[in-house]
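The structure under discussion appears below in the form of structure tokens.
The values are calculated or read from the model by the stated rules, or taken from the named source; none is laboratory data. Values in this document were obtained by computation on a predicted structure and should not be read as measured data. Don't worry about glycine lacking a Cβ; one is built from the backbone with ideal geometry, like all the others, and counts go over all protein chains shown. The area values use the complete protein model at the heavy-atom level, side chains included, leaving out ligands, DNA and RNA. Shrake-Rupley method; radii C 1.70, N 1.55, O 1.52, S 1.80 Å.
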Amino acid sequence: TAYFVAGCYIHGLDDQETVDLTKAIVKNGTQLKFKNKIVADKHCIGGVPGNRTTMVIIPIVTAAGIAMPKTSSRAITSPAGTADTMESLANVIVEAPKLKKIVDKVGGFMTWGGGVDLAAADDKMIQARHPLSLDPQGMLLASIMAKKFSVSANRVLIDIPIGPQVKIKTRKEANNLKKRFLKLGKALGMRVKVIFTNGDEPIGRGIGPNLEAMDVMKVLQNEPDAPKELREKSLEMAGMLLEMCGKALPLRGKSLATKILDSGKAYEQMMKIIDAQGRKKTALRPGKFSKTIKALKSGTVSEINNSLVSHVARTAGAPKDPTAGMYMHKKLHDKVSKGEPLYTIYADSEERLSYTSEYPLNKVYTIK
């Protein structure tokens, strides 16, 4: 498998090879079939820490009566994937026959693709990609679309973040990837919409499974300290899906999504999904040990190094230790006074926390 992954990385996959790999991954496992039904799905190609929009979008969209079954990967190069974060709240390893019943009962789910026989071959390849830190483009496309195809998704929204420290660094690269997604979607009989978003900083404030889950719950419960960017991006994307699925008129999707979130219906829906998958008994908390990094000077946050954020959070133990990670006190363009907290690192072991000192911790933020 490692040779195959390396071969795909070195030589690339053309469009036909990508279609064939997608179909082969799906054929290798079970498929969830929903006859004559609109089935929504979304995916972010990754690289932005704390980008847990899926866990806000699915409760909104399913509350509007649209089916949204979602199988996600665990983290490949990030401190948490959707599956890792959802696992802080609910069981993410659910058998395929039960998943169909969950959709019939509550409209959707968020599970780990490798935990069920849905596109499971993809997770076998991810196990080889992870230690090699390889993400070949053709394999990335096949990996994403196989998960959509395996749950019979026919309305798919793809989020491509662009930024200096994420997977896609330029608009030119993003446009190339967009074309390939649209072509692949057409070959698989899906209506695909691709959007470009800002990948300059983490979306939420929490980085790591539990901390990200805490952010999601704050947004769903309309807490005053809920991360604004996470709420806003989730509402934009949920609105687009509601329009694509015919639940809202063009340009009216976001206001419907906002209404569903503000009314508390999305939170109720999340509770139903968690109960249907199997609620986790463990308390949602950050790591017992922490270290706060403070500003060395006053000024404005001009840059946040996403790749360094990921490295530090992973070194603290995320995603294997769900309590490990970071909490960002300051966001891009925030004003900062000397000595003010910039971010706090959490871990459940003092040793893991001490390992984070290997990194230039004051370089995570650039203050000007």
In degrees, nearest 10, the alpha-carbon axis of helix 228-244 is tilted away from the dominant principal axis of the alpha carbons of the chain by 10
Using alpha carbon centers only, region 1-70 is separated from region 246-296 by a whole-angstrom value of 21
Among Val151, Leu342, Ala295, the residue whose Cα sits farthest towards the positive end of the charge dipole of the chain (+1 at Cβ of Lys and Arg, -1 at Cβ of Asp and Glu, taken about the Cα centre) is Val151
Taking Cα atoms, the helix 2-11 axis meets the longest principal axis of the chain at an angle in degrees (rounded to 10) of 90
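In nm, what is the difference between 0.36 nm times the number of residues separating Ile195 and Lys98 and their Cα-Cα distance?
Working: separation 97, 0.36 × 97 = 34.92 nm, distance 3.24 nm.
Extending this stretch completely gives an extra 31.7 nm.
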Quick calc, region 150-226, dipole around Cα centre from Cβ unit charges on Lys, Arg (+) and Asp, Glu (-), nearest 20 debye, gives 860
The alpha-carbon center of region 102-141 and that of region 182-242 are separated, in whole Å, by 18
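Figure the gain on full extension for Ser349 and Lys23 (residue separation times 0.36 nm, minus the Cα-Cα span) and round it to one decimal in nm.
Stretched fully, the Ser349-Lys23 segment lengthens by 113.0 nm.
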With every protein chain kept in place and a 1.4 Å probe, the chain has an accessible area per residue in Å² of 43
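Sort 356-363, 218-225 by the packing proxy (mean of other Cβ within 10 Å over each peptide's residues), most packed first. Write out the running numbers ahead of the final one.
On the way: 356-363: 13.4, 218-225: 15.0.
The most tightly packed comes first, giving 218-225, 356-363.
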So, with points 7 Å from each Cα along the Cβ direction, the Glu268-Lys35 label distance in nm works out to 3.1
From DSSP H assignment alone, runs of 4+ in the chain each adding -39500 (n - 2.57), the sum over residues rounded to the nearest 500 puts [θ] at 222 nm at -13500 deg cm²/dmol
The size of the Cβ-based charge dipole (Lys, Arg +1; Asp, Glu -1) of region 138-273 about the Cα centre, to the nearest 20 debye, is 900
Among Met68, Gln31, Thr85, the residue whose Cα sits farthest towards the positive end of the charge dipole of region 22-89, when +1 is placed on the Cβ of each Lys and Arg and -1 on the Cβ of each Asp and Glu, is Gln31
To the nearest 20 debye, the chain has a Cα-centred charge dipole, built from +1 on Lys and Arg Cβ and -1 on Asp and Glu Cβ, of 840
PRE zone check, label point 7 Å out along Cα-to-Cβ of Glu223, amide N under 12 Å, scope region 265-288, hits 284-286
Listed residues Ile293, Ile93, Ile158; largest mean-square fluctuation, Gaussian network over the chain with Cα springs below 10 Å, found at Ile293
Helix 96-106: inclination vs the chain longest Cα principal axis, degrees, rounded to 10, gives 80
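Distance cut-off 30 Å, Cα to Cα: go down the list Lys105/Lys281; Lys218/Lys247; Lys23/Lys218; Lys178/Lys294; Lys183/Lys218; Lys70/Lys183 and report the pairs above it.
Values: Lys105/Lys281 22 Å; Lys218/Lys247 26 Å; Lys23/Lys218 38 Å; Lys178/Lys294 40 Å; Lys183/Lys218 37 Å; Lys70/Lys183 22 Å.
Where the Cα-Cα span goes over 30 Å, the pairs concerned are Lys23/Lys218; Lys178/Lys294; Lys183/Lys218.
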Here the gain from full extension of Ala187 to Thr282, 0.36 nm per residue of separation minus their alpha-carbon distance, amounts to 29.9 nm
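Quick one: pull the percent of accessible area on region 271-331 belonging to carbon and sulfur, 1.4 Å probe, ligands and nucleic acids left out. Don't skip to the answer; put the middle values down first.
On the way: 1580 of 2840 Å².
Result for region 271-331: 56 percent of the exposed heavy-atom area is carbon or sulfur.
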Honestly region 135-271 on the Cα gyration tensor test (a ≥ b ≥ c root eigenvalues; a/c under 1.5 rounded, otherwise a/b vs b/c for prolate or oblate) is just oblate
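Just to confirm the filter: which chymotrypsin sites (Phe, Trp or Tyr not before Pro) across region 306-368 are DSSP coil and have at most 12 other Cβ within 10 angstrom of their Cβ?
Details: sites: Tyr327, Tyr343, Tyr346, Tyr355, Tyr365; in loops: none.
Answer by residue number: there is no such site.
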